[in-house]
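Novice: The structure under discussion is supplied below as structure tokens; questions concerning it will follow.
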Amino acid sequence: MVVASAAGQAGEVLDGFFWFFLGLALVFIMPLRGINALSREQKENTLELVSVTQLSAYRIVSGKWAALFCQSLLLTIAVLPYVVLRYFFGGVNLLQDLIGLGFLLLASSAFTAFTVGISAFRSLLLRGLLFLGIGFLVLSGFQGIYTMLRFGGIMPSTLISGNSIIIPSLITIFILGVFFTFYFLAMGASRVAAVSENYSTTKRLLSLAALILTFLLPLIGISEELCFGFAIVIITPVLVDALTEKAAVSRIVLRNFANSRFLPTRAAFFLAPGWHTGIFYFLIVATIFIVTCFAFLFPPISGEDELSAILITYFSALVFPMLVIHLSRRPTDGAFKTYIIIQMICSCLTAIIAMPTALLGTDTILLALFFLPHTSLVLLMDYTDYSPLLGFFQAVLIIATIIVSAVRARPLYTQMSLIVGELEKSQRPPTDDDDKQSDSQSNMHHSPS
């Protein structure tokens, strides 16, 4: 009995070492090789030479991702016999291990796409911080999946019956992994592509569809809290990307909107590339998110004021750095680095202030910085009495950010309006007024001098 218990504990220790080192290799070491994939090309000015081959920016970025991901795939295939071999020693659920290995490979795919995507940023420090931060979140997510597999009872009979709630959750996580793999590659492509190459519309429409589908997950038995978490995971990187894109107006992009059968030309004002359209996309996504949360996920309850204040403050925290940026300068070249720096300063400042607040049991220090959305989130978590006031102030802060951003982007909107107006006029059939104007100009041209 004692021998069996000791053997079981030793097996668990070895099992932990196996998954730790495999996860370290697939989620950290292999994706880390892509952190300089695009920045090296930019420094050596070789991207222009590659573009001569008629390859699109997305094909260039996806090619770099494929080269790295194939190495992760080879590593996974190499360790597969060891995964199966452990089954014959007993105490191992082969199905759980195979599913866990598959999700590790999926995490490696998405994280490799992320490192390749952020390699378009020139700052090595920025890339390193993003890599460590997102890498920690990816490993934490896999730990949650592994716990779900181990203690949730994934057995062949469960897969056959299909009654377990774990199965829809795993399928959803798989789809999210595929979605983020595509999204991060498109993000990297949009950062190095020419102005005429439009990846923003596809990214934003696909993200909007993913958000709407996430809110439908309770229909297949997934809890509302988990759906809420999935939705937050989707919109956070999407909105940050939309708010920090390089601002540019391309006649080719606008012409594609005018020629589209599915999108109206005016949709370019929130789907075309650039932070100036990203601010309107942010407003649409935030509205859909908040309204859907109360309509489907969390119907009106006693804590409605608190929840609405938390949601509004969350979106205010996302957009607050843009208010600082737009008040200081016009980020025509994008402002991702500055955005991340402001977010880190606000988060660190809130964390430093929250420590003495927790020790002293007073909210006086936090109230002194209530205008920071990050500080307001901490206040809302611990002091619900401030929900109406903080929610109202953060809503005003969001409106102020949108107004300031719109004022900053006014020349861009004017340029877009002129081009869109010309395109719409060239596409509609001539009217009587146009004919009269044409006849008048013709008579003036042929009149004797």
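Novice: Just to be sure, is V324 aliphatic (A, V, I, L, M), under 30 Å from L219 (Cβ atoms) and modelled with pLDDT of 80 or more?
Specialist: Working: aliphatic (A, V, I, L, M): yes; under 30 Å from L219 (Cβ atoms): no; modelled with pLDDT of 80 or more: yes.
Here the answer is no, as V324 does not meet what is asked.
Novice: So, in region 350-385, of the ones that are open to solvent by less than 60 Å² (accessible area, probe 1.4 Å) and under 20 Å from I399 (Cβ atoms), which residue ends up modelled with the lowest pLDDT?
Specialist: That would be L380.
Novice: If I ask for residues that are open to solvent by 10 Å² or more (accessible area, probe 1.4 Å) and β-branched (V, I, T), which ones from region 275-296 would you list?
Specialist: Within region 275-296, I284, T287, I288, I290, V291, T292 meet the criteria.
Novice: If you don't mind, there's one more thing I want to ask. Checking the condition more than 27 Å from L124 (Cβ to Cβ) and buried (at least 20 other Cβ atoms within 10 Å of the Cβ), which residue from L106, L101 passes?
Specialist: Among L106, L101, only L106 is more than 27 Å from L124 (Cβ to Cβ) and buried (at least 20 other Cβ atoms within 10 Å of the Cβ).
Novice: I want to confirm something. Restricting to region 404-425 and keeping residues that are among the charged types (D, E, K, R) and surrounded by fewer than 17 Cβ atoms within 10 Å (Cβ to Cβ), which single residue is modelled with the highest pLDDT?
Specialist: Among those that are among the charged types (D, E, K, R) and surrounded by fewer than 17 Cβ atoms within 10 Å (Cβ to Cβ), it is R410.
Novice: Follow-up question, since we're still on this one. Looking only at region 152-167, decide whether some residue is in a helix (DSSP H, G or I), at pLDDT 75 or above and either open to solvent by 30 Å² or more (accessible area, probe 1.4 Å) or over 21 Å from V27 (Cβ atoms) (or both).
Specialist: Among the residues of region 152-167, at least one is in a helix (DSSP H, G or I), at pLDDT 75 or above and either open to solvent by 30 Å² or more (accessible area, probe 1.4 Å) or over 21 Å from V27 (Cβ atoms) (or both), which makes the answer yes.
Novice: Any idea how many residues of region 197-220 are part of a loop (DSSP other than H, G, I, E, B), closer than 22 Å to S56 by Cβ and open to solvent by less than 50 Å² (accessible area, probe 1.4 Å)?
Specialist: 2
Novice: Additional query: Working only within region 207-239, note down all residues that are farther than 13 Å from L176 by Cα and hydroxyl-bearing (S, T, Y).
Specialist: Listed by number, the residues that qualify are S223, T236.
Novice: OK, next. Scan the helices (runs of 4 or more DSSP H) fully inside region 1-116 and keep the ones with 2 or more residues being closer than 30 Å to A189 by Cα and modelled with pLDDT under 80.
Specialist: In region 1-116, the matching helices (runs of 4 or more DSSP H) lie at 37-44, 47-51.
The values are calculated or read from the model by the stated rules, or taken from the named source; none is laboratory data. As the structure is a computational prediction, the values presented were derived from the model and not from experiment. Cβ atoms come from the backbone with ideal geometry, glycine included; neighbour counts cover every protein chain shown. Each accessible area value is taken on the protein alone, full model and side chains, heavy atoms only, with ligands, DNA and RNA left out. Shrake-Rupley method; radii C 1.70, N 1.55, O 1.52, S 1.80 Å.
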